[in-house]
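The values are calculated or read from the model by the stated rules, or taken from the named source; none is laboratory data. Source: prediction; values computed, not measured. For neighbour counting, all protein chains shown are included, and Cβ atoms are generated from backbone atoms with ideal geometry for every residue, glycine included.
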There are 2 protein chains.
Amino acid sequence: MKSWSKLLGAVLALALLAPAWAQEEDGYDLWLRYRPLAGAERAAVLRHARTLVAPAAPSPTVQAALDELRRGVQGMTGRAPTAAGRAAAGAIVLGTPASLPAALRPSALAALGREGYVIRRMAPGVTVIAANTDTGLLYGAFAWLRAVGTGVAPDRIDERAVPKLQLRVLNHWDNLDRTVERGYAGESIWDWWALPDVRERRYVDYARANASLGINGAVLNNVNAKPEILTAPWIAKTAALADVLRPYGIRVYLSARFSTPLELQETDTADPLAPEVAAWWRRKADEIYRAIPDFGGFLVKANSEGQPGPQDYRRSHADGANMLAAAVAPHGGVVMWRAFVYAAENPVDRARQAYDEFQPLDGKFAPNVLVQVKNGPIDFQPREPFHPLFGAMPKTPLMLEFQITKEYLGYATHLAYLGPLFEETLRSETGRKAAQAAAGLTVAQVIEGAQVPGPLTGMAGVANIGSARTWSGSHFDQANWYAFGRLAWDPQASSRAIAREWAAQTFTRVPRALDDIVALMMDSREAVVNYMTPLGLHHIMGTGHHHGPAPWVADLARPEWNPVYYHKADRGGIGFDRTSTGSNALAQYAPGVAQRYADPRTTPETLLLWFHRLPWDHPMPSGRTLWAELAARYDLGVTQARGLRTRWAALAPFVDVRRHAEVAARLDVQAAEAQWWRDACLAYFQSVSGLPLPPGVRPPAQPLEYYKALRFPYAPGHG
Amino acid sequence: MKSWSKLLGAVLALALLAPAWAQEEDGYDLWLRYRPLAGAERAAVLRHARTLVAPAAPSPTVQAALDELRRGVQGMTGRAPTAAGRAAAGAIVLGTPASLPAALRPSALAALGREGYVIRRMAPGVTVIAANTDTGLLYGAFAWLRAVGTGVAPDRIDERAVPKLQLRVLNHWDNLDRTVERGYAGESIWDWWALPDVRERRYVDYARANASLGINGAVLNNVNAKPEILTAPWIAKTAALADVLRPYGIRVYLSARFSTPLELQETDTADPLAPEVAAWWRRKADEIYRAIPDFGGFLVKANSEGQPGPQDYRRSHADGANMLAAAVAPHGGVVMWRAFVYAAENPVDRARQAYDEFQPLDGKFAPNVLVQVKNGPIDFQPREPFHPLFGAMPKTPLMLEFQITKEYLGYATHLAYLGPLFEETLRSETGRKAAQAAAGLTVAQVIEGAQVPGPLTGMAGVANIGSARTWSGSHFDQANWYAFGRLAWDPQASSRAIAREWAAQTFTRVPRALDDIVALMMDSREAVVNYMTPLGLHHIMGTGHHHGPAPWVADLARPEWNPVYYHKADRGGIGFDRTSTGSNALAQYAPGVAQRYADPRTTPETLLLWFHRLPWDHPMPSGRTLWAELAARYDLGVTQARGLRTRWAALAPFVDVRRHAEVAARLDVQAAEAQWWRDACLAYFQSVSGLPLPPGVRPPAQPLEYYKALRFPYAPGHG
C-alpha cells in the first residue's frame, strides 16, 4: 500500500500539469470538492484518516457517513481510509453511546440531542466522532471534512455542535411539469415523469449537499400546489424520493392545495369544518404515511394570491391549519402554514395584512402547526425590515422563511451573497421579550423558541436548486444555499465566517485570494440594494417576471401590484408613510422599535423610504438632499457592480479557467444591468420630481421612454 | 518526457483500481470518451500520434481539430501529442493542397469537394489527414479518432470519405421559454435568457459531437415558431450561438413563423405576394446576415396544424417558399419548406394530403428551396411505408426528415435503436427512375439528388438533445443521434455497422459483449413495433402527449386525430383500406410499388393493416388468423421487451455500474409498459371484434375500463 500511495501522490502532482481543460471544474461538486492537498497537509490528513471504525452492521446513514469520509480522504490524499475493527492511531471512530467503548466516549453526549455531534481526539491519533443517532454521526463526518477542507489541522479538530432549530427545510417551488416558479437554475431536479422507477444519481448528491449543512427537510413541490401531488401515482414518486433522502437525515414534505379533495371530486366542499373534509384528509394522511412512514407533513399557502383556503368558507387560518394538523398528528407530522397573505379586496397597506390576519390567532393553532413567516412584511425585497409578526405571537411557533432563489436580486445572473441579508433579519431586535426575560429578543431568538415552550422551531428557504450543472445557476449562488443551511443550523452564526468557510472549500485557501473573495461576497448584496432599491425603496421591479426596473408601472388591476403604490413619488416627494400619519404599519412593531422608526432622523437610512414619505429636498446625514442622495446611491451601486467585476478579474490566478470565466460573464451582465437600473430609475424619478439632475450626476444613457418600452418575453421562472 | 509517460501509464492502470464511484460514467462524454487504452494498443497510438503538424496560423476550425486530437490521444494514452513544424515518424499531418508538401499530398484531393477528407499513410510512420477545407480537416481528425476508438490499428487507417448530402441538419423543436416540444431529455440546451452574454461550455461540446458525425447545420428553434425569434434581441442570441458553432462547420438556421411581420405589427398582412411583405423579409434577411454572415436560412411549417401560411391568402406553398427564398438568396441562404400538411376541412385520407398538395407544385419552387418530407406519410410512427413524395417530385430537391426524438416510440424511456427504421426508409425502392436511368431509385438515391441536378440535397433529424446530463435522456438514445448523423453523411450506410461503431466507442470493445449490445440494439425497434403497432397499425397512442395505448379514442374534434380513424376496427375486421376500393392513397406510389401493395398477399406483413382492411379471420402466412396473429405479435413484443432486460443484465461485467443501472431502470419500465400496451390493445380489439382471445393467449391483466381511465397529466414534451 505504501508504494501505491507514493505513486498516487505523484499522480496528483501530475494532474496539476494536465492541460487546462482537464483541470477545469463545472461546479457540480459544490463545496464537497475534496481536491488534492499537497505536502504536509496531505501527510497530516493521511496520518489521521488511515482507518475508519464504525458500529457493526452500519445503517444506511452510517454507511453514507463512511462513504463520504472515504470519498473525501481519497480525493484529498489519493488514498481512501480502510475499514478497521478497532481504534488505533490514525483511526476515525464513529460511534454512539451504545457502540463506543468508555475510553472513547466523550462526555455529555446526552446534551447533543437527536442531531448534535462531537468530534474529539480521545486517544493519541484517534479521532472520535460521537453522536446519539446515526444522523448525528453523518453530520459529524461532514463537519470533520469541512474542518479539513477549510484548513484546520486534523489534530486540532475539536468541535461540538447542536442545531438550534428543529426543522431546517428547503422549499422547492417546483411544479409537476418540471418547471420551477422563480427558478433560475434550469428545470426541477425532480424528474417526476421518470419517478418512481428511475432514481437519478443527482438525488443522492442533493442529499449529500444538504446533509453536509444539516438541512433535514425538503418540501418537494411548489406552494402554489396542484391537486395531483396528493394522488396515488405522485405519492409513489414522493416515496421513492423519500427513500433516497432518508439515509441522509432528510424528511420529505409536500405542499398541499387546500381544495384538493374538492378538486379531485372526492368531496363536495373543502370546508375545513365539514366532517367529510377532515375525514378525507385523515385518510389521505394515512395513505401517505403508509408509503412514507417518516413523512414530514404539509406546507400550505392558503387564501393568498388566488390560492384556495379556509376563508373561502368563512373559516379562519387556524381552522384550516388545525384540521390538516389533526390529520398528520397521529403520525408525528407537522403543518407549516404560511402567513404570506394579502387580499384583493383589502385596501389596507399590504405590509400590514399578514400581521392583521395572524396576530389575533396567536394561541389558536394546534401544537403541530408552525406559522411560516417571510423575513420581511412585503416579499423578499433586496432589503426589508424584519416582519412585525416576529415576537408578536408568543404562543405560536414561528418558522422563518427566506428566499434563497433571487427572484428580486438579479436571478442567478447577479452576484449577491445573501448571508448578510439573512443575518440582518436574524439579528434584528424585535423589542419583544420572552416571558421571564429582561432583555429583548432578536428574530433569531424568537424562532429559536425563546417565547414558545416545546420543540417546534424551524427555518425555511425557498430553494435555488435546479438541474443546471452548477445546481444554483451560477457558482456564487451556491453560497446562498450554503449560507441558508448553516444559518438554519445556527441562526446566530456570522455570515462573514460562513462566506469564508464556503469560499475556502469552493475556490481557494490561498489567504490573500480568500480574503478578496470574502470581501467581494460581503459587499455584493449592498451593491444590489444600491443599484436597485436604495434608501428603503422596494417593489419597483418589472411586472410578472420581476426582472429589471419598472418604477413607472401604475396600470395593474390591484393597487398593491403597482410599483407606484410602493414609492409614491411625485413632485412633492417620495416614500411610503407607514407612521401614524400614514398606514401606521409601524404600530405592528414593539413600541421601542416603532418609536425609533417613527422619526426620519432615528430611522436607519437604509429603511428611510420604507417608513417615510419625504420631500425631495429633505436633508440627509451626508448633507445632500434626498434627491441628491438617491442619485448618489444609484451611482454607488453602479460603481460597486463594476468593482465586483474588476475585483474578480484579479482573482484569475486562483480559480480554474472555466469557473472564472463563467463568473466573469455574469459579472459583465450585472455591471450592465446595474447601469440600466440606475438609468431607468433616475430617468423616471426625475420625470416625476421635475427636478434637474443633481450636479455631477450623469444623465441616463437613454430617454425614459426607451426603458419603459423594454419587454422580456420568455423570462425564466415566471409561470 | 519518457519517464512521465511511464508514470502516466501507471496512473491510468491505477485509475482502474479506483473505487466504483470514481470510475462511473454519466454519459456526458457521448461517444467521444477517449478512455485509456492498454498495452500494445496504447503503444501503437502513442507511436503514431507523437506530434501534430498543422498549417501555420491555424484557423479556429483547424485549432478545433488539433484540440480534439490532443484530447483524444491524451485520454487514450495519457500523453498528448506535441506540435511540430515538420513531419517525422509519429506525426499526424493536417493539411490542405495549399499547405501540404507534394510528397505528403494524397492523390485526387479535388474530388473530396468542400467537406470530404482522406486519411493516408504517406511516409513511414506519418499519417496525413488531407482535405480541401479546414472543415474537411476537422472531419478527418474525428474520423481518425473514431477509427482508433473502434479498434483500427493506427497504421491501418486508410479512409477516404465525402458526404453524399449537402445539408445534414438537426431540427431542434426548442421553444424560447426553454421547453422542448416532444423533448424527453430535459429542457433546451439553449439558455436563451442568458444569451448572448453567457456562452455555456455545453455549446462547444454539442458542436464537437455534431462535427464528429459531419452534422453541419442546426435549426435552433421549434417549427411551431414564435415571431420573437426574428426580433433584434434573439438575432443577437442566435449570432452568439453561430459564433460558437462556426469553427465546427455548423451553420445555424431558424424556424420562421410565416406571419411574423404581421404579428410584430410591422406589416398589415403576411400575404407573400404583397410587396411590403416581401420587402420586410428582405430587410429581415439583411439584418440577420449582418449579424451572421453564414446564416443557413429558414425552416418553415406553414398551413399545418394551425400554423399560418400562404394559403391564408389563397397563395400556394410555392408562393410562400419562393418569397422567403428570394430574401435569403442574395446571401446564399436556403429555405426548407415542410411538406407535413393536413387540413381541418379536408375529408381526404390524411396519408394522401401532403402528396396532393405538393406533387402538383413540382418545378415551381425557387432553386434555393428544399421541400422537407417526413419519412412516412403520417407522422413518425414506429413503422410507416416511405412517403410517396419521394421520387414523385423529380424537379424539386427533397430533404428527408426523420424524428430522432422518440415521440411515438417510448420517449427516452424505451430502448429503441432507430438505425433500422432510418435504413428501412432509405433503402425503400420508390419504383421511380432518374431521367436517363434504367433502374429504380431508393429513397436514399432520391434525396442524394439522382433526379434533380444541382447541389441542394439534405437530411433533417428532429433532435433528441436536451440539458439532461446524458444529452438524450438515456444512454442508448445517444445512438439515435449518432445514427442520424452517420446516415446523413452516407444514406446508404448500414445501421448495423453504425450500431457497432457507436457501441464500441460508447460501451466496450470486448467482442462478445459488443456483439450482444449490437444485437440487442438491432432487435429493439422491432420489439417496439410489436408491442405498440404490429402488422401496419399506426396512430393508436394516447391523445396529446402520445404516451401509451389509446386505440379506443373516438371523440376528438377532427376525425384524423382519433385512433379509430386509423385502425377502423369493428366486428367486421381491422385496418385502413388505402387501395382503390378505399382512400386509394396507394395510387400516389409508382405503379410497381402500388401494384405490390394493392394485394394483401404481396403486401409485406409489416404494412398489412396500413394498406388493407381485412376480416379478423383473414389467413396469415403463419397459418394463424389475423386476430390470432395480432395477439401473437403483441405477445412477441412483450417477450422481446423482457428479453432486452435479461440480455442487458448479462452485460453488467462490461459496463460501468452507473450507466448499467441507469439503462436497467429504463428497461424495467419498458418491459412493464410493453405489457401495458399489449394488454390494453388486446382488451380493446377484443371488445370491438367480439371474438374470444385466441387459444393460449393470456387475458389482459385489467379490464378495458382500467386502461381507458388512465391519465397522464404533466407528461413531458407536450406544450
(request) Quick one: in region B:130-157, of everything that is more than 20 Å from B:ASN216 (Cα to Cα) and β-branched (Val, Ile, Thr), which residue is nearest to the other protein chains (Cβ to nearest Cβ)? (result) B:VAL148
(request) Pick out, from region B:421-484, the strands (runs of 3 or more DSSP E) lying fully within it that include 3 or more residues that are over 14 Å from the mean Cα position of the chain (by Cα) and over 24 Å from B:ASN530 (Cα atoms). (result) B:429-433, B:440-442
(request) Just need a number here: residues in region B:581-591 that are surrounded by fewer than 16 Cβ atoms within 10 Å (Cβ to Cβ) and in contact with a Ser or Thr (Cβ under 9 Å, 6 or more places away or on another chain). (result) 1
(request) Considering every residue within region A:641-658, establish whether at least one is of a type in the set (Gly, Ala, Ser), crowded, with 21+ Cβ neighbours inside 10 Å and either more than 10 Å from chain B (Cβ to nearest Cβ) or touching a helix residue (DSSP H, G or I) at 6+ places or on another chain (Cβ under 9 Å) (or both). (result) yes
(request) Just need a number here: residues in region B:643-652 that are without any contact (Cβ under 8 Å) to a residue 60 or more places away in the chain and either farther than 15 Å from B:HIS414 by Cα or not in a helix (DSSP H, G or I) (or both). (result) 2
(request) Only residues that are outside any loop (DSSP other than H, G, I, E, B), hydrophobic (A, V, I, L, M, F, W, C) and either buried (at least 20 other Cβ atoms within 10 Å of the Cβ) or away from chain A (no Cβ under 14 Å) (or both): list them for region B:677-719, please. (result) B:TRP677, B:ALA680, B:CYS681, B:LEU682, B:ALA683, B:PHE685, B:VAL688, B:LEU704
(message) Name the residue that is farthest from A:TYR408 (Cα to Cα), counting only residues in region A:174-185 that are buried (at least 24 other Cβ atoms within 10 Å of the Cβ) and in contact with a strand residue (DSSP E or B) (Cβ under 8 Å, 6 or more places away or on another chain).
(response) A:ASP174
(request) Sort out which residues of region A:284-340 are assigned to a strand (DSSP E or B) and among the β-branched types (Val, Ile, Thr), and write them in order of number. (result) A:VAL300, A:VAL334, A:VAL335
(request) State all residues of region B:158-212 that are over 25 Å from A:ASP26 (Cβ atoms) and either within 11 Å of chain A (Cβ to nearest Cβ) or in a loop (DSSP other than H, G, I, E, B) (or both); if no residue qualifies, say none. (result) B:ASP158, B:VAL162, B:PRO163, B:LYS164, B:LEU165, B:GLN166, B:TRP173, B:ASN175, B:LEU176, B:GLU181, B:ARG182
(request) Looking at (1) surrounded by fewer than 18 Cβ atoms within 10 Å (Cβ to Cβ); (2) basic (Lys, Arg); (3) within 12 Å of chain B (Cβ to nearest Cβ), find the lone condition where A:ARG666 falls short. (result) (1)
(message) Return the residues of region B:328-351 that are on the phi < 0 side of the Ramachandran plot and over 24 Å from the mean Cα position of the chain (by Cα); say none if nothing qualifies.
(response) B:VAL328, B:ALA329, B:PRO330, B:HIS331, B:ALA343, B:ALA344, B:GLU345, B:ASN346, B:PRO347, B:VAL348, B:ASP349
(message) Which pairs turn up if I take residues in region B:559-570 that are modelled with pLDDT under 95 and look for partners that are among the polar types (S, T, N, Q) and not in a helix (DSSP H, G or I) with beta carbon separation below 8 Å, at least 6 apart in sequence or on another chain?
(response) B:TRP561/B:THR543
(request) Among the residues of region A:255-275, count how many are farther than 15 Å from A:ASN221 by Cβ and part of a loop (DSSP other than H, G, I, E, B). (result) 12
(message) Checking the condition within 17 Å of the chain's Cα centre (by Cα), crowded, with 20+ Cβ neighbours inside 10 Å and not hydroxyl-bearing (Ser, Thr, Tyr), which residue from B:ALA497, B:ALA493, B:ALA504, B:ALA527 passes?
(response) B:ALA493
(request) Mind listing whichever residues of region A:99-124 are touching a residue at least 40 places away in the same chain (Cβ under 8 Å) and aliphatic (A, V, I, L, M)? (result) A:ALA111, A:LEU112, A:VAL118, A:ILE119
(message) Which condition from (1) closer than 20 Å to B:ASN224 by Cα; (2) loosely packed, with under 15 Cβ neighbours inside 10 Å is the one that B:GLU276 breaks?
(response) (1)
(request) Write out, first by first residue and then by second, each pair whose Cβ atoms fall under 9 Å of each other, whose residues are 6+ apart or on separate chains, and whose first residue, in region A:294-308, is without any contact (Cβ under 8 Å) to a residue 40 or more places away in the chain while the second is in a strand (DSSP E or B) and crowded, with 22+ Cβ neighbours inside 10 Å. (result) A:SER304/A:ARG338
(request) Would you please name the residue that is nearest to A:PHE390 (Cα to Cα), looking only at residues in region A:542-596 that are in a helix (DSSP H, G or I) and β-branched (Val, Ile, Thr)? (result) A:VAL593
(message) Checking B:GLY151 against (1) in contact (Cβ under 8 Å) with a residue 60 or more places away in the chain; (2) buried (at least 22 other Cβ atoms within 10 Å of the Cβ): exactly one of these is not met. Which one?
(response) (2)
(request) Determine whether region A:65-82 contains at least one residue that is more than 14 Å from chain B (Cβ to nearest Cβ), at pLDDT 95 or above and buried (at least 18 other Cβ atoms within 10 Å of the Cβ). (result) yes
(request) Determine whether region B:48-56 contains at least one residue that is over 19 Å from B:GLN505 (Cα atoms), surrounded by fewer than 23 Cβ atoms within 10 Å (Cβ to Cβ), under 30 Å from the mean Cα position of the chain (by Cα) and not assigned by TED's automatic domain parsing to the domain that holds B:PRO455. (result) no
(message) Against the condition touching a residue at least 40 places away in the same chain (Cβ under 8 Å), closer than 30 Å to B:GLY214 by Cβ and either within 29 Å of the chain's Cα centre (by Cα) or in a helix (DSSP H, G or I) (or both), how does B:ALA278 come out, does it pass?
(response) no
(message) When you check B:ARG86 against the structure, is it exposed (fewer than 12 other Cβ atoms within 10 Å of the Cβ), in contact with a strand residue (DSSP E or B) (Cβ under 8 Å, 6 or more places away or on another chain) and not in a helix (DSSP H, G or I), yes or no?
(response) yes
(message) So, in region B:530-551, exactly how many residues are surrounded by fewer than 18 Cβ atoms within 10 Å (Cβ to Cβ) and either over 30 Å from B:CYS681 (Cα atoms) or polar (S, T, N, Q) (or both)?
(response) 1
(message) So in region B:213-248, with the set limited to residues that are assigned to a helix (DSSP H, G or I), touching a residue at least 60 places away in the same chain (Cβ under 8 Å) and within 22 Å of B:ALA483 (Cα to Cα), which one is farthest from the other protein chains (Cβ to nearest Cβ)?
(response) B:LEU213
